[in-house]
1. Determine which member of the set ALA258, ALA224 is under 21 Å from the mean Cα position of the chain (by Cα) and among the small types (Gly, Ala, Ser).
2. Take the residues in the range 195-211 that are β-branched (Val, Ile, Thr) and in a helix (DSSP H, G or I); name whichever of them is modelled with the lowest pLDDT.
3. Look through LEU114, LEU85, LEU109, LEU80 and report the one residue that is over 22 Å from TRP151 (Cβ atoms), modelled with pLDDT of 90 or more, of a type in the set (A, V, I, L, M, F, W, C) and loosely packed, with under 14 Cβ neighbours inside 10 Å.
4. Write out, first by first residue and then by second, each pair whose Cβ atoms fall under 6 Å of each other, whose residues are 6+ apart or on separate chains, and whose first residue, in the range 176-187, is in contact (Cβ under 8 Å) with a residue 60 or more places away in the chain and at negative phi while the second is assigned to a helix (DSSP H, G or I) and of a type in the set (A, V, I, L, M, F, W, C).
5. Name the single residue, out of those in the range 117-143 being of a type in the set (Val, Ile, Thr), in contact (Cβ under 8 Å) with a residue 40 or more places away in the chain and within 24 Å of ALA261 (Cβ to Cβ), that is surrounded by the most Cβ atoms within 10 Å (Cβ to Cβ).
6. Has the range 255-265 got at least one residue that is touching a residue at least 60 places away in the same chain (Cβ under 8 Å), among the charged types (D, E, K, R) and surrounded by 17 or more Cβ atoms within 10 Å (Cβ to Cβ)?
Amino acid sequence: MRSSNPVFSRRGFSRDNGYAGFNTAPQAGYAQGNPYAQAGNPYATNPYAQQDQQYGAPQAPVTTDRMTMDDVVMRSATTLGVVALGAVLAWALLPVSPGSFGLAIGSALVAMVLALVQSFKRTPSPALILGYAAFEGVFLGVISEMYNSAWSGAPFQAVLGTMAVSGATLLVYKAGWIRVTARYARIGLAIAMAFIVVMAVNLLLVAFGVAEDGGLRSFGPLGAIVGIIAILLGAFFLTLDFKQIEDGIAYGAPRNEAWLAAFGLTLTLVWIYVEMLRLVAIFSSND
């Protein structure tokens, strides 16, 4: 089962060279501290791995630096810091105007292109990831300022909401209340794809004047329900991210792939923040 995030859709931190091995048994020898004893580890670099497997010999351990949780935290902090810096500068330097909105849309498109390029690369590129973060930050800064001018304090509330959703999701995941299995991933991804298709159709209906006031994305009760569903999907994506990162650490992913973890987490957190921003605005409009 491929991960939901584009960054994990090609390789990710998985147990079968590109696909998430949810609910699979640990590799032989892992309990004794050797995660490389069985063939199939995508990060085992022994050139004689196939011969070793054929004749029953264990693979040689990976000699390159391995990714750790500290690496993931540091890269994620760096990437999110660039997003925040871009947002602060855009908010401070760009006034609310049609021109600023156009710049925000342009920045979002550039960020999307950079994200797609990175997701199709075989190796992580810090320059692409940080470039994506910078342009995404400009987009979020302009949009947040526009929302703040209409609903004072909405961005601050959205940040708190994003932190609350992320923290609660991590707590639930670490407590084992959610088990990321293949069945869980299939059902969640099916719902996510259906949601995206429905939103795309809704956008077309609004663009052609068939649906008024934003259709399903209106600022009424229906829009609030759709926003809540979107945030729940964001939490679902986070659980997949957490699982992929755990697998990467357990299976000895190279250290530079911590950038992929940072990239995937940033994509998901931006999704949650934008949806939370809309939800705060909806509730503020109906007060």
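The values are calculated or read from the model by the stated rules, or taken from the named source; none is laboratory data. Please read all numbers here as calculations on a predicted model, not as lab measurements. Note: ideal-geometry Cβ built from the backbone for every residue, glycine included; neighbour counts use all protein chains shown.
1. ALA258
2. VAL206
3. Working: LEU114 fails: loosely packed, with under 14 Cβ neighbours inside 10 Å; LEU85 fails: loosely packed, with under 14 Cβ neighbours inside 10 Å; LEU80 fails: loosely packed, with under 14 Cβ neighbours inside 10 Å.
Of LEU114, LEU85, LEU109, LEU80, the one residue that is over 22 Å from TRP151 (Cβ atoms), modelled with pLDDT of 90 or more, of a type in the set (A, V, I, L, M, F, W, C) and loosely packed, with under 14 Cβ neighbours inside 10 Å is LEU109.
4. ILE178/VAL172
5. Start the filter on the range 117-143 by keeping residues that are of a type in the set (Val, Ile, Thr), which leaves 117, 123, 129, 138, 142-143.
Subset that is in contact (Cβ under 8 Å) with a residue 40 or more places away in the chain: 123, 129, 138, 142-143.
Next, only the ones that are within 24 Å of ALA261 (Cβ to Cβ) stay: 123, 129, 138.
Working: THR123: 11, ILE129: 23, VAL138: 26.
Among those that are of a type in the set (Val, Ile, Thr), in contact (Cβ under 8 Å) with a residue 40 or more places away in the chain and within 24 Å of ALA261 (Cβ to Cβ), it is VAL138.
6. Yes - at least one qualifying residue is present in the range 255-265.
A quick yes/no check of all residues on (1) buried (at least 17 other Cβ atoms within 10 Å of the Cβ); (2) among the β-branched types (Val, Ile, Thr); (3) more than 30 Å from PHE283 (Cβ to Cβ):
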site: ASP213; (1), (2), (3): no, no, no
site: PRO221; (1), (2), (3): no, no, no
site: GLY227; (1), (2), (3): yes, no, no
site: LEU240; (1), (2), (3): yes, no, no
site: ILE249; (1), (2), (3): yes, yes, yes
